[in-house]
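**Q** This is the structure, below, for whatever I ask next.
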Amino acid sequence: MSRLGLVKSPCLCLSLCLLLSVFILFSLMLNSRSFVCLSSYDPISRASFFGLDGLDSDFGSLGVPWCKFCFLVLDRICRSKQGKTVEWTSKDLVKGLEEFVPIYETRPIKNNMHGMGFDHSFGLWFIAQWLRPDIMIESGAFKGHSTWVMRQAMPDTPIISLTPRHPEKYLKKGPAYVDENCTYFAGKDFVDFGSVDWERVLKKHGISDFSKVLVFFDDHQNELKRLKQALKAGFNHLIFEDNYDTGTGDHYSLRQICDQFYIRGGGHSCFKDSDEARIRSKRKKFWEKAVDIDELCGPHEAWWGVRGEMRDNFNHNNTPISYGEHFQNSRFVESILDVYWELPPAAGPSLTHQTRYDPARAPTPIVEDGRYRMFKRLGLDRLERSVFNGYTQMVYLQISKPET
């Protein structure tokens, strides 16, 4: 550089050379396995390897049908009819977290194994409290934790619970919750959501306006099936607890349906030497629920749903579908969709130390990585790490009949 006349001072030239040497050495350390030792599920190692921003990076390369700033723009996984979005903001979510943490600490079922963790409990509570429905319906109650969450949001609102086994049956073996102001269709009285005469049932509760009803699904059934049943009954406000990502889960989900090539970032490649395959393989080492190309792609390079299958009923009923059918399912969903909103994780993985879901397949957390003071101020540091491991993209929908 001094010979070319770009740098006239020998000292400055030497300094630049030293800086260049340090940069090259640092690059080698980041890219050479001989220099970097990584623990599979250690959040600090993950942060060091990807960088804090890298914890939720690689969106485009992974084919994620999402935008990092979905609160600020109208892009989303599912395209709604009028481009509407939710009324609440990120500030409302932060305020809600501060209020909900002490409520969550009083939960009767401390270890809700196979049930909702903190993220989805907060989401259900927040949405129910914001919408303030006249009545709430839940399909799938398990031990009653979701019933308890809805009761904290709306202390005096009636609840209808459809669940094959009554929550009181779990009281014999441990904690469970049974609500006094809840009508249970359970045990011998169980009726599937799609078989209920909702006009007659809600009339008994004095409800005639179905737009004032909130329906919560945590029953592991095909969400396309449930969506059609809810639309036929006349419901507008729906929440699906387990909105599984493409290639995962035991039922066909809204997120899977809306994962399409025509959505920005949607669709996938089964080519094993692609950037997506390489990145998926790398992330599989750090996130338990991450899916590599071999898991994503089934026979004949079928990646939609779960390896080309439309799963249903806790993975007991699986139907192979063509991409054409999958495409038409998304077109139908878009024709009835007014709002699609995925609940963000409560906090980033370097704060919660969660090891399961891949943050590259999720919206930006409410409390982003690196904001430990906010994490602590909201009381999230008081919670057990295990309660943050149940995130599966809970989604809130507003639907209405197709426009003619």
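**Q** Run down the lysines and flag those whose C-alpha is under 29 Å from the C-alpha of Lys173, throwing out any fewer than 8 positions away in its chain.
**A** Within the straight-line cut-off, Lys173 pairs with Lys110, Lys143, Lys188.
**Q** Using a cut-off of 15 Å between beta-carbons, work out the net charge of the residues near Arg165 (Lys and Arg +1, Asp and Glu -1, Arg165 not included). Could you put the intermediate results ahead of the total?
**A** Details: positive: Lys143, Lys169, Lys172, Lys173, Lys188; negative: Glu138, Glu168, Asp189, Asp192, Asp218, Asp219.
Net charge around Arg165: -1.
**Q** Given points 7 Å out from each Cα along the Cα-Cβ axis, report the Arg264 to Asn317 separation in nanometres with one decimal.
**A** 3.8 nm
**Q** Next up: Please list the non-local residues whose amide H lies under 5 Å from the amide H of Val367, H modeled 1.01 Å from N, same-chain partners needing a gap of 5 or more.
**A** Ala347, Gly348
**Q** Under 16 Å Cα to Cα from Lys282, which lysines show up? Leave out anything in the same chain fewer than 8 places away.
**A** Output for Lys282: Lys272.
**Q** Taking 0.36 nm per intervening residue step and subtracting the Cα-Cα distance, what contour gain separates Thr157 from Lys172 on full extension? Write out the running numbers ahead of the final one.
**A** Details: separation 15, 0.36 × 15 = 5.40 nm, distance 2.77 nm.
Stretched out fully, the Thr157 to Lys172 stretch lengthens by 2.6 nm.
**Q** If you don't mind, another one. Just in segment 269-302: which chymotrypsin sites (Phe, Trp or Tyr not before Pro) are loop by DSSP and have at most 12 other Cβ atoms within 10 Å? It would help to have the intermediate numbers written out before the result.
**A** Numbers: sites: Phe271, Phe286, Trp287; in loops: Phe271, Phe286, Trp287.
Taking segment 269-302 and a limit of 12 other Cβ atoms within 10 Å, the loop chymotrypsin sites (Phe, Trp or Tyr not before Pro) found are Phe271.
**Q** Let me ask another. Extending each Cα 7 Å along its Cβ direction at Lys91 and Ser195, get the distance between those two points in nm, one decimal.
**A** Taking the simple label geometry, Lys91 and Ser195 are separated by 5.0 nm.
**Q** At 0.36 nm per residue, minus the direct Cα-Cα distance, what do Lys401 and Asp294 gain on full extension? Give it in nm, one decimal, please. All intermediate terms of the calculation are to be shown ahead of the outcome.
**A** Details: separation 107, 0.36 × 107 = 38.52 nm, distance 3.86 nm.
Extra length from Lys401 to Asp294 when fully extended: 34.7 nm.
**Q** Mind putting a number on the dipole of segment 121-227 about its Cα centre? Charges go on the C-beta only, +1 for Lys and Arg and -1 for Asp and Glu, and I need it in Debye to the nearest 20.
**A** On the way: 14 positive and 14 negative charges, 58 e Å.
That gives a dipole near 280 debye.
**Q** Then there is this: Hey, how many Å between the Cα centroid of segment 319-366 and the Cα centroid of segment 224-280?
**A** With segment 319-366 and segment 224-280 each reduced to a Cα centre, they are spaced 6 Å.
**Q** Using a probe radius of 1.4 Å on heavy atoms only, what accessible surface per residue do you get for segment 274-320? Whole Å² is fine. Walk me through the numbers before you get to the answer.
**A** On the way: 2410 Å² over 47 residues.
I get 51 Å² per residue for this part.
**Q** Could you grab the Rg to Rh ratio for segment 307-404? Cα atoms only, Kirkwood for Rh. Before the final figure, lay out each step's value.
**A** Numbers: Rg = 18.1 Å, Rh = 16.4 Å.
That ratio equals 1.10.
**Q** With a point put 7 Å past each Cα toward its Cβ, work out how far Ser208 is from Lys110 in nm, to one decimal.
**A** About 4.9 nm, to one decimal.
**Q** Please report, as a whole percent, how much of the solvent-accessible surface of segment 258-404 comes from carbon and sulfur atoms (probe radius 1.4 Å). Intermediate results must be reported in sequence, preceding the final value.
**A** Details: 3160 of 6600 Å².
So the carbon and sulfur contribution to the accessible surface is 48 percent.
**Q** Another question about this same structure. If you place +1 on the Cβ of every Lys and Arg and -1 on the Cβ of every Asp and Glu, how big does the dipole about the Cα centre of segment 262-301 come out, in debye to the nearest 20?
**A** Details: 9 positive and 8 negative charges, 52 e Å.
I would put it at about 240 debye.
**Q** Leaving ligands, DNA and RNA out of it, report the carbon-plus-sulfur percent of the accessible area of segment 106-160 at a 1.4 Å probe. Walk me through the intermediate numbers first.
**A** Working: 910 of 1730 Å².
Carbon and sulfur: 52 percent of the exposed surface of segment 106-160.
**Q** Mind checking which of Tyr323, Pro349, Gln393 is farthest towards the positive end of segment 312-404's charge dipole, using Cβ charges of +1 (Lys, Arg) and -1 (Asp, Glu) about the Cα centre?
**A** In segment 312-404, that residue is Pro349.
**Q** Same structure, new question: Note down the magnitude of the dipole of segment 179-232 about its Cα centre, charges +1 on Lys and Arg C-beta and -1 on Asp and Glu C-beta and zero elsewhere, to the nearest 20 debye. Kindly include the intermediate steps, with their values, before the conclusion.
**A** Values: 9 positive and 10 negative charges, 61 e Å.
That gives a dipole near 300 debye.
**Q** Strictly over 29 Å apart at the Cα level, which of Lys172/Lys228; Lys204/Lys225; Lys225/Lys284; Lys203/Lys401; Lys91/Lys212; Lys172/Lys225 would you flag in this model?
**A** Long pairs (Cα-Cα over 29 Å): Lys172/Lys228; Lys225/Lys284; Lys172/Lys225.
**Q** Same structure again: Measuring with a 1.4 Å probe in the full set of protein chains, what accessible area per residue, in whole Å², belongs to segment 123-211? Working shown, then result.
**A** Details: 4330 Å² over 89 residues.
Result: 49 Å² of accessible area for each residue.
The values are calculated or read from the model by the stated rules, or taken from the named source; none is laboratory data. Quick caveat: nothing in here was measured; it's all calculated off a predicted structure. Neighbour counts are summed over all protein chains in view; Cβ atoms, including those assigned to glycine, are modelled from backbone coordinates with ideal geometry. Remember, those area values only see protein heavy atoms, side chains included, never the ligands or the DNA or RNA. Shrake-Rupley method; radii C 1.70, N 1.55, O 1.52, S 1.80 Å.
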